[in-house]
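So the structure is just underneath, and the comments pick up after that.
The values are calculated or read from the model by the stated rules, or taken from the named source; none is laboratory data. A quick note: this is a predicted structure, and the numbers were derived from the prediction, not measured. A quick note on method: Cβ atoms are made from the backbone with ideal geometry, for glycine too, and the neighbour counts reach across all protein chains shown. Note: areas computed on protein heavy atoms with side chains; ligands, DNA, RNA excluded. Shrake-Rupley method; radii C 1.70, N 1.55, O 1.52, S 1.80 Å.
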Amino acid sequence: MDLILKVWRQKNNKDNGRFENYKVKANEHMSFLEMMDVLNEDLLAKKEEPIAFEHDCREGICGSCNMVIDGRPHGPNNGTTTCQLHMRFFKDGDTITVEPWRVKAFPVIKDLVVDRSAFDRIIQSGGYISVNTGQAQDANAIPIEKDLAGQAFDAATCIGCGACAAACPNASAMLFTSAKINHLGLLPQGEVEHSKRVQAMVTQMDEEGFGMCSNTGACEVDCPKEISISNIALMNRSYVGSVFGSDKGS
Amino acid sequence: MRWLINFLSSSLGQKIIMSLTGLFLISFLTVHLLGNLSLLSDDGGYTFNTYAYFMTHNPLIKATSYGLYFFIVLHAIQGLVIALKNRMARGANRYAVKAKGNASFSSKNMALLGTLVLAFLFIHMGDFWLRMKLDWLPTVVYEGYAEPIADLYGRVAMQFQNPLIVIAYVIGQIVLGLHLWHGFQSAFQSLGLNHPKYTPFIKGLGKAYSILVPAGFAIIPIVHFLFK
Amino acid sequence: MKLDGKTPKGPLDDKWTNYRSKMDLVAPNNKRRLDVIVVGTGLAGASAASTLGELGYNVKCFTFHDSPRRAHSIAAQGGINAAKNYQNDGDSVYRLFYDTIKGGDYRSRESNVHRLAEVSRNIIDQAAAQGVPFAREYGGLLANRSFGGVQVSRTFYARGQTGQQLLLGAYQSLSRQISLGSVKMYNRHEMLDVVKIDGKARGIIARNLLTGELERHAAHCVVLATGGYGNVFYLSTNAMGSNVTAAWRAVKRGAYMANPCYTQIHPTCIPVSGDYQSKLTLMSESLRNDGRVWVPKNKEDVMAIREGRKTGNDIPEGDRDYYLERRYPAFGNLVPRDVASRAAKVACDEGHGVNSTGLAVYLDFSDAIQRYGKSEANTMGNHSPDAATIKRLGTAVIEAKYGNLFEMYEKITGENPYIFPMKIYPAVHYTMGGLWVDYNLETNVPGLFALGEANFSDHGANRLGASALMQGLADGYFVLPYTIGTFLCNEIRTPKIDPNAPEFEEAETSTRARLEKILSIKGNQTVESFHRRLGKIMWEYCGMSRNAEGLKKGRQMIRDLKAEFHKDVFVPGTQTEFNPELEKALRVADFIELGENMMVDALDRNESCGGHFREEYTEEGEAQRNDEDYTYVSAWEWDDDQPILHKEELIFENVELKTRSYK
């Protein structure tokens, strides 16, 4: 199949960036990233600079890949990362627009590569359970209801790719933040420092400059792991509880 | 107090201000509609005018109405602040291709819809409320009332003979409906009131509300224009 | 030089307890004065960095990824073993130890493996306390499943994403230490050299991948937790970025590479579909519990399938060869990974492969669908269900068990595996070989430690399923934090290491020269094309089966490829910018040398064991070990002309060496 790719090229963070058009020959068994590999090999053969993009595991779990394809993070298919998207979902002759995440808190590094360290800092602000190695009691000492463990897992399945913020019309990172807060807060082990964690993580999220959730639901549609927006509601409730239901802070 | 300021200035605090003020305005709309439906009665305006008199003279309601003005302003300003902050959060470049299919029209355009509702509100209040406050309206005398009463009904009946005004009101209500379509259930989500059992009910209620209430408001000018 | 594994004396059960009870410690006030560099943030690196930080050391931690959470440990699917015996099915530390030694075809060190089995239990406790959402029973206690041929249920899991959840646990602990200031994190930094001062590892040269700047980082010791080198085959289940560079740079500075030829080929991966393919995707081993492996008996059917005139469903039962069940009636489809992989290769080599490349076999669930369907209908009270009902009910059971895997398969291949039998083929998955380490996980270079897949220590010649996660976390949480003290307790009087020392100067200069050289070639072939060619050579001559002639030929081809690479590779851009092609070029250059080392090692080992199968050494088509001559670890000292072999004899005091038989 013959495709025209309209790809965002930006030399570095100071460059303004622009779209460039490329012709590429693909076949339907390729993944989207393999199609990008073909394009890059073509560019290298012409001694041109290849398109920088992030990718690693290519099986949908590391969270590295991040392309906005025709306006949708990770492309048109729900529950799919860019690396899992295959060319059979496109037609011969299609023009495909490829852009980086456009979120102020994720500045562009080069072409399609952005800096997502804001997510690391949100986790560092409290996205953990404070337990040192060796302190743990027996793993079966605290029974956890099967469904509750499942609910925590559903939140914990987040791969930290940033599609939620990229998809959100407000560039909000609340799906990411709430997923970690709930993963830990739902479990008895994490419940102990839940209030402190909610406050710290929300504060850090705000400091990073993400937008505010207006409940459009775009995040849950474009989340490759289909994490539910109900996580944001649960975070909101926990946050209100942590402010008004606690005697800490003055 | 620091904790309260922190809370109110946090992203979640600001969302909660939006949802609480929004819910208050939603409840006001119900009361307002119930009163306004008396515009449809065939008593030459008696019910409506006496209702308007009561609403503007009862001290408790008067006090509440100041709260209402405050919440309208707060909702609008807070909404504007959020919209601006969210625009900034996107960064210098916007997407070249607009996403299709990942969110509803109204949810993506709350700020625009809200601004239009506000504009409608200015026209609407200028038309009726302001004239009444400034005593620009003619008065009528009803038995049992010590003073003459402003004939707000007369003003309404006159205005709604103008087809342009009727169309403007109907459009205003469509915009309000779209704003509520997302706003109603969104307020519950922001407050964290999400539950696998009850949320579908709240969502259904929100949709019914955002159709029925604006439709109720829109019927008044139409009926006046066609039948009175 | 004779290698000393430093195995403590005494009975096996007590070795670790006695050793750590009597080892010299570093006092807390001294820990604060000691700097440790950890390279890599997978299970081993993140757990080590966070634990060392908790203990009070000053830790600097490096990853080439944009975040520590991206390390490839994240992709592990199946689970993690631990000798908890929660199922009351007779599991014990000894049994896990024994299974691992046997599974490794008696080519690992007894003392290390026993320690691994001992601490396996603590890992599960630690992970549960960190909030890892393991699968649970209705009573709220932890669930287990069985894995890869062992006779007990000891595998803990979190759906099909166990690696992800364990890594996030370690990443969160690491994040906590970063926020506390005890670990300083360097993302997007790639280690390009180890710096040795007076023979001891005292720091690294790292390249800031965003700016291209070469940085000197000094410390009292260096820990490498940089994963395996499966990508030397180009196509593997490893992530695109997984590489050998950190380990290989250590080798170039004198560390020994142990058993590099031991490669695990996983039998159930999605087959290669074209030349453009960049990586292979694993289908969890658990599928072999219900899937039956077969190929058509008749060549006409094979041709018809390859040309698309027939599908697997059109082949009648009598014309199918369920070759695993035929060859290994005792274990059938559940033979260990190395055996299943070789059998698939034999079937395809004989011309029975079922896709256009001829390199695929069927993994068929239709029998399981029938079996489950009938049983479901029975429980619902329907004792004479029709075919459609059976199929519907059976499919639902399979979906509940393996739904996410089937979905993944369909996403990649575009074929519905509920209707058509899955096509699978073996692919490179894990490398048992790695940097040689002693009982302390210290390489032969003092102060240089290696953890996880980067070392060679625990899996011998073949790794059992669900043991990689166990080893990575054991090393990082519960072994290194103790054993690193054996080195550091002698360093408490050593002042901070000076990054301006001449040794750092030399390392930085030579690294810069290396980068400049590769950039200045400006040839005509891409890095990717060299990597692809290297992979083909490795797969052809050092893959699932090897022979002396092929290995000699392969080695020569690699040497030629190396010469060509350094003459004709094209790398755009400069070294002082974000330049992914340059990163790739440096990694491929190191892979090429490693590839040669693997050939040399495979040629030296005149026996078949685990993942190393030499065609000359078989008995009735099965692998034939030579315990008489090869019960040793091959540790290679690199030399451009001829690597030098150092042997560590393996002494088995507790288990008897037996032939593995699955017939």
Dividing the mean separation of Cα pairs under 8 Å (6+ apart) by the residue count of the stretch A:2-110 yields a relative contact order in percent of 35 percent
Among all the aspartates and glutamates, which ones have a C-alpha under 12 Å from residue C:297's C-alpha, if same-chain residues fewer than 8 places away are not counted? C:317, C:319, C:321, C:350
Mind checking the dipole of the stretch C:310-442: about its Cα centre, +1 per Lys or Arg Cβ, -1 per Asp or Glu Cβ, Debye to the nearest 20? 200 debye
Once amide H atoms are built 1.01 Å from N in the peptide plane, which residues 5 or more positions from residue C:423, or in another chain, come under 5 Å H to H? C:363
Tell me the net charge near residue B:77. Cut-off is 15 Å between Cβ atoms, residue B:77 excluded, with +1 for each Lys or Arg and -1 for each Asp or Glu. +2
Given an 8 Å cut-off on Cα distances and at least 6 residues of separation, report the relative contact order of chain C as a percent. 21 percent
Which whole-Hz ³J(HN,Hα) couplings does the stretch C:116-121 yield from phi under the Karplus relation 6.51 cos²θ - 1.76 cosθ + 1.60, θ = phi - 60°, glycine and proline marked x? 4, 5, 5, 7, 3, 5
Towards the positive end of the charge dipole of chain B, with charges on Cβ (+1 Lys, Arg; -1 Asp, Glu), say which of B:4, B:57, B:217 has the farthest Cα. B:4
Which FRET efficiency, nearest 0.05, do residue C:566 and residue B:5 yield, Cβ-Cβ r, R0 56 Å? 0.30
Angle between the Cα long axis of helix C:12-22 and the longest principal axis of chain C, 0 to 90 degrees, nearest 10? 30 degrees
Of the options B:181, C:602, A:144, report the single residue whose Cα projects farthest towards the positive end of the charge dipole of the protein assembly as shown (beta-carbon charges: Lys, Arg +1; Asp, Glu -1). B:181
Would you calculate the separation in nanometres between label points at residue C:383 and residue B:46, each defined as 7 Å from the Cα along the Cα-to-beta-carbon direction? 8.2 nm
Would you mind working out the magnitude of the charge dipole of the stretch A:2-110 relative to its Cα centre, with +1 at each Lys and Arg C-beta and -1 at each Asp and Glu C-beta, to the nearest 20 Debye? 480 debye
Starting from the Cα of residue B:139, move 7 Å in the Cα-to-Cβ direction to define the label point; list residues of the stretch B:50-78 whose amide nitrogen is under 18 Å from there. B:50-58
Between the stretch C:433-507 and the stretch C:203-270, the alpha-carbon center distance in angstrom: 14 Å
Roughly what angle does helix C:580-604 make with the longest principal axis of chain C, taking Cα atoms, 0 to 90 degrees, to the nearest 10? 70 degrees
Nonlocal amide H pairs with residue C:197, under 5 Å, H built at 1.01 Å: C:202
Residue-averaged beta-carbon neighbours from other chains (10 angstrom radius) around A:61-74: 5
Does a label point 7 Å from the Cα of residue B:171, set along Cα-to-beta-carbon, have any residues of the stretch B:81-121 with amide nitrogen under 17 Å, and which are they? B:112-121
At a Cα cut-off below 20 Å, give the lysines reachable from residue C:411, other chains included and same-chain residues fewer than 8 away excluded. A:91, A:225, C:279, C:401, C:423
Each residue of the stretch B:80-88 in turn: what ³J(HN,Hα) in whole Hz from Karplus with 6.51, -1.76, 1.60 and θ = phi - 60°, glycine and Pro shown as x? 5, 4, 4, 4, 5, 4, 5, 5, 5
Along the charge dipole of the stretch C:189-234, Cβ charges K/R +1 and D/E -1, which of C:194, C:210, C:233 sits furthest on the positive end? C:194
State the Cα centre-to-centre distance between the stretch C:124-160 and the stretch C:614-636 in whole Å. 35 Å
Per residue, how much accessible area does the protein assembly as shown show when a 1.4 Å probe rolls over the protein heavy atoms, in square angstrom? 38 Å²
Take every residue in peptide C:118-130, count the Cβ atoms of other chains within 10 Å of its Cβ, and give the average of those counts. 5
What's the local net charge at residue B:149, with K and R +1, D and E -1, over the other residues with C-beta under 12 Å away? -4
Cα-Cα over 25 Å, subset of A:6/C:517; B:98/C:584; A:25/C:553; A:146/B:197; C:2/C:496: A:6/C:517; B:98/C:584; A:25/C:553; C:2/C:496
Per residue of the stretch C:154-166, what does 6.51 cos²θ - 1.76 cosθ + 1.60 with θ = phi - 60° give for ³J(HN,Hα)? Whole Hz please, x for Gly and Pro, Karplus curve as stated. 10, 9, 8, 8, 10, 6, x, 10, 4, x, 4, 5, 5
Sorted by average packing, counted as other Cβ atoms within 10 angstrom per residue and highest first, what order do B:160-167, A:92-99, C:441-448 take? C:441-448, A:92-99, B:160-167
Principal-axis tilt of helix C:502-520 within chain C, Cα atoms, nearest 10 degrees: 50 degrees
Could you list which residues have their amide H under 5 Å from that of residue C:6, counting only those 5 or more apart in sequence or on another chain, with H placed in the peptide plane? C:439
Normalised by the number of residues in the stretch C:603-663, what is the relative contact order in percent for Cα pairs under 8 Å and 6+ residues apart? 22 percent
